[in-house]
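**Student:** Once you've had a glance at the structure underneath, I'll fire off some questions.
Read the figures in this text as sums done on the coordinates, not as results from a lab. Everything numeric in this text was worked out from a predicted model, so none of it was measured. FYI the Cβ positions are ideal-geometry reconstructions off the backbone, even for glycines, and counts take in every protein chain you see.
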C-alpha cells in the first residue's frame, strides 16, 4: 500500500500582523463556490486534496528521521542512568580526569575573545550539522517571506474577486428591476396613446412606433448587460474556488515552514540565521585556538578513549556525543537539562508529525470521503482519480 493510501486509511490514534498567522494556520475546505457538476473543477478539487496528503507524507519522512535520531540520544541517556553504581563511578572517574585536563588550559581561559562555554559546547555537539543548519535557516527564512508575500497577494486577489462578485450581484438585481420598469413604462405609454387615439381621436401611430422602438432598445440593452453579468459572475466564482485551493496549498506550506523555523530556532538556540552564522564563525575561531592546546595534551586523548571504550561496553550507540557532554556525566542537573532539551525537541517533532498525519492528511481524507458519500454518482470517478494519483506518486 502506497504512502497516500496509508494516509487515506489513517485513523486518529515572525512578522505582524498577528491575524494573518491565525488565518494562515487554518486549513479550509470551502465548497460553497465549487461547482461539483463541473468535471474540471471536480477533478482539480480532488487532486488538490491528494496533493496535500502527498506533501504531508513527504514532510513526515523528514520528521521521522530527526525523531529517530533524538530518540536514540534519549535511549543512550537511559542506558547510562540504569548502570550499576560501580560502573557509573568508573565513568565519573574518566569524566573527572577529562574535565581536569581541560581546565588546565589556562591560556585559553585568559583570552578576551573567549566564546561562552555553554554556547561552544552546543556548537561543538552540532558541529557537523551547523553549516547545513545555516543553509536550512536561510532557505526557510527566505521561503517564509516568499510564502507571506504569496498569501498577501492571494488574500488581496480573493478580496478583489469577492468585491467584484458583490458588484455583479447588484448589477443582476438592478437589471431585473430596470427590465420591470422599462416594461411598465412601455405599457403605460401604449395605454396613454390608446386614450389619446380613441378618446381624443388623435393619430398616435408614430407614438406606438416610438414607444415600441424605445422599449425594444431598452429591453435589449438591459438583456445584454444582464447576460454579460451572469457570464462574468460564473468566471468570478470559478476564480474564487481556484484561489481557495491555492490558499490551502500555500497555508500548508506556511504552517510546515513556520514549524520548521520554530524547531530550528529551538534546536540551535538562536533567533535568526544570521545569529547562527555569527556563532558558527566564533566557534571556528575558538576551535582553532583550542586545538593548539589539545595537540599538547595526549593524556587527555587517552582518557577520552578510555571513556569511549567504557561507553561502548555499555551498549551506548553514539558514545562520541558524550565527549562533548562531560558535565552531564558528573552533574545530574546537567543530565536532566540535556534530557529536557531532547524531550522538548522530540515533542516538537511529534506535534509536527501529528499535524501532518491528523490535520492535513485526515482533513483531506475526510473531505474526499465526504464527497464520495454526498455525491455517490461521482464516487467511482473520485476513486479512480485517487488510484491514478497513487500510481503517479509511487
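**Student:** With label points built 7 Å along Cα→Cβ from the Cα atoms of residue 47 and residue 341, find their separation and express it in nm.
**Tutor:** Each label point lies 7 Å from its Cα, and together they span 4.7 nm.
**Student:** Given (i) 25.6, 109; (ii) 20.9, 63; (iii) 35.5, 131, which label gives Rg and Dmax of the Cα atoms in Å as computed from the coordinates?
**Tutor:** (iii)
**Student:** Neighbour counts of other C-beta atoms within 10 Å: give me 363, 135 arranged from fewest to most.
**Tutor:** Ranking 363, 135 by Cβ neighbours within 10 Å, fewest first, gives 135, 363.
**Student:** Which residues in region 174-193 have a backbone N closer than 15 Å to a point placed 7 Å from the Cα of residue 217 along the Cα-to-Cβ line?
**Tutor:** Counting only backbone N, you get 186.
**Student:** Along the principal axes of its C-alpha atoms, what lengths does region 111-296 span, in descending order and rounded to whole Å?
**Tutor:** If we take the Cα atoms of region 111-296, the spans are 129, 27, 17 Å.
**Student:** Based on the Cβ-Cβ distance of residue 116 and residue 297, what FRET efficiency does E = 1/(1 + (r/R0)^6) give at R0 = 25 Å, to the nearest 0.05?
**Tutor:** The value I calculate is 0.65.
**Student:** Between residue 149 and residue 69, what FRET efficiency comes out of the Förster formula 1/(1 + (r/R0)^6) with R0 = 30 Å and r the beta carbon distance, rounded to 0.05?
**Tutor:** The pair residue 69/residue 149 has a calculated efficiency of 0.35.
**Student:** Next question, about the same structure. If you stretched the chain out fully between residue 271 and residue 380, how much longer would it get, using 0.36 nm times the residue separation minus the C-alpha to C-alpha distance?
**Tutor:** 34.2 nm
**Student:** How much length is gained on full extension from residue 177 to residue 135, taking 0.36 nm per residue of separation minus their Cα-Cα distance?
**Tutor:** 8.9 nm
**Student:** Here's a follow-up. Based on the Cβ-Cβ distance from residue 285 to residue 100, what FRET efficiency comes out when R0 is 22 Å, to the nearest 0.05?
**Tutor:** The calculated FRET efficiency here is 0.30.
**Student:** For a quick check: sort 63, 260 by the number of other beta carbons within 10 angstrom, fewest at the front.
**Tutor:** Going from sparsest to densest Cβ surroundings: 260, 63.
**Student:** Same structure again: In deg cm²/dmol and to the nearest 500, what is the mean residue ellipticity at 222 nm of the chain if only DSSP H runs of at least 4 residues count, each as -39500 (n - 2.57), divided by the residue total?
**Tutor:** Here the helix-only value at 222 nm equals -28000 deg cm²/dmol.
**Student:** Could you list 163, 355 in order of exposure, starting from the residue whose Cβ has the fewest other Cβ atoms within 10 Å?
**Tutor:** Fewest-to-most ranking of 163, 355: 163, 355.
**Student:** Can I ask one more? Quick one: go through region 295-321 and flag any residue whose amide nitrogen is under 19 Å from the point 7 Å out along the Cα-to-Cβ line of residue 87.
**Tutor:** Within reach of a label on residue 87, which here means backbone N under 19 Å from a point 7 Å along Cα→Cβ, region 295-321 contributes 305-321.
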